[in-house]
1. It is to be established whether one or more residues within the stretch 198-206 are more than 28 Å from the chain's Cα centre (by Cα) and either surrounded by 18 or more Cβ atoms within 10 Å (Cβ to Cβ) or at pLDDT 95 or above (or both).
2. State yes or no: is residue 175 under 25 Å from residue 297 (Cα atoms), surrounded by fewer than 19 Cβ atoms within 10 Å (Cβ to Cβ), in contact with a helix residue (DSSP H, G or I) (Cβ under 9 Å, 6 or more places away or on another chain) and assigned by TED's automatic domain parsing to the domain that holds residue 236?
3. Can you name every residue in the stretch 9-25 that is under 16 Å from residue 46 (Cα atoms) and not in a loop (DSSP other than H, G, I, E, B)?
4. Could you pull out the residue among 53, 94, 142, 111 that is modelled with pLDDT of 90 or more and exposed (fewer than 14 other Cβ atoms within 10 Å of the Cβ)?
5. Just need a number here: residues in the stretch 154-167 that are closer than 12 Å to residue 275 by Cβ and surrounded by 16 or more Cβ atoms within 10 Å (Cβ to Cβ).
6. What residue, of 40, 46, is farther than 30 Å from residue 280 by Cβ and either in a helix (DSSP H, G or I) or modelled with pLDDT under 85 (or both)?
7. So which of 282, 288 is assigned by TED's automatic domain parsing to the domain that holds residue 132, within 30 Å of residue 114 (Cα to Cα) and either out of contact with any strand residue (DSSP E or B) (no Cβ under 8 Å at 6 or more places or on another chain) or surrounded by fewer than 16 Cβ atoms within 10 Å (Cβ to Cβ) (or both)?
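The values are calculated or read from the model by the stated rules, or taken from the named source; none is laboratory data. In this text the structure is predicted, and so the values were computed from the model without any measurement. FYI the Cβ positions are ideal-geometry reconstructions off the backbone, even for glycines, and counts take in every protein chain you see.
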């Protein structure tokens with residue numbers, strides 16, 4: 001059995017499709033199927049149920065997928081640590097991030113790192129806070145960066161930074177010149193908000209109910225790009241950390257207005273890692289830069 005076959009099986013398990021997995025891996029479906037067949041021969045067990053509707057993991061397949069993810073992660077980490085021993089200024093780091101922090105925080109940090117260490121390679125996946133924590137816990141990623149971390153984060157939170165939301169509007173919006181925006185003002189405004197699965201929306205709805213107000217967003221979307229596009233067109237006010245719109249605010253296209261005390265949303269931006277895993281050079285470098293740059297970014301976007 002080859003380690004490569006295990007890594008390929010992990011991708012098949014994630015995709016739940018041999019064809020889609022083969023496309024992502026840039027290989028022929030027949031070649032991928034042969035790798036799966038070799039694993040089934042080695043383990044003497046059927047790993048996939050193949051039918052007209054597609055594939056489904058068997059009990060043995062689910063067990064192998066769970067273990068193979070950890071094995072593949074350990075192998076990647078071991079390779080990186082061996083590179084470190086050889087004093088090679090290279091490596092790869094996988095990062096899971098909440099969409100709110102990608103453009104305003106991660107992009108500048110990684111751009112600066114690339115200029116200093118051009119041999120480093122980065123994989124950045126944008127996902128929910130819960131999936132960030134799960135991916136760091138199971139070794140799918142070395143680092144996680146998110147806000148509104150779930151209670152399950154626990155010991156995975158390496159460093160926390162206080163962060164506040166603001167009202168984000170286009171430069172010509174009526175709120176743009178206001179010293180602050182109250183909850184009652186929000187209740188009468190055209191809003192673009194994420195759905196109720198997001199922590200910020202839950203906090204906002206809870207405060208509105210306590211004040212006997214009802215928020216009726218015109219636009220409901222978890223897409224940060226869509227929210228910003230609506231604000232830039234002047235048709236919606238957003239409730240976001242200013243960091244999310246750092247470039248647009250610095251360019252004068254969007255304005256961040258302080259939320260009044262009755263509607264303030266305070267949370268944390270969390271840097272996450274598994275405390276029981278050693279970090280290779282690449283991940284150590286990213287983490288150190290994030291710890292240094294987060295306070296600067298928060299101060300600059302306030």
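1. Taking the stretch 198-206 first, the residues more than 28 Å from the chain's Cα centre (by Cα) are none.
Within the stretch 198-206, none of the residues are more than 28 Å from the chain's Cα centre (by Cα) and either surrounded by 18 or more Cβ atoms within 10 Å (Cβ to Cβ) or at pLDDT 95 or above (or both).
2. Working: under 25 Å from residue 297 (Cα atoms): yes; surrounded by fewer than 19 Cβ atoms within 10 Å (Cβ to Cβ): yes; in contact with a helix residue (DSSP H, G or I) (Cβ under 9 Å, 6 or more places away or on another chain): yes; assigned by TED's automatic domain parsing to the domain that holds residue 236: yes.
Answer is yes for this residue.
3. Across the stretch 9-25, the qualifying residues are 9, 10, 12, 13, 18.
4. Answer to the selection: 111.
5. 3
6. 40
7. Details: 282 fails: either out of contact with any strand residue (DSSP E or B) (no Cβ under 8 Å at 6 or more places or on another chain) or surrounded by fewer than 16 Cβ atoms within 10 Å (Cβ to Cβ) (or both).
Criteria check complete, one pass: 288.
Residues checked against (1) out of contact with any helix residue (DSSP H, G or I) (no Cβ under 6 Å at 6 or more places or on another chain); (2) more than 30 Å from residue 10 (Cα to Cα):
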site	(1), (2)
134	yes, no
145	no, no
186	yes, yes
204	yes, yes
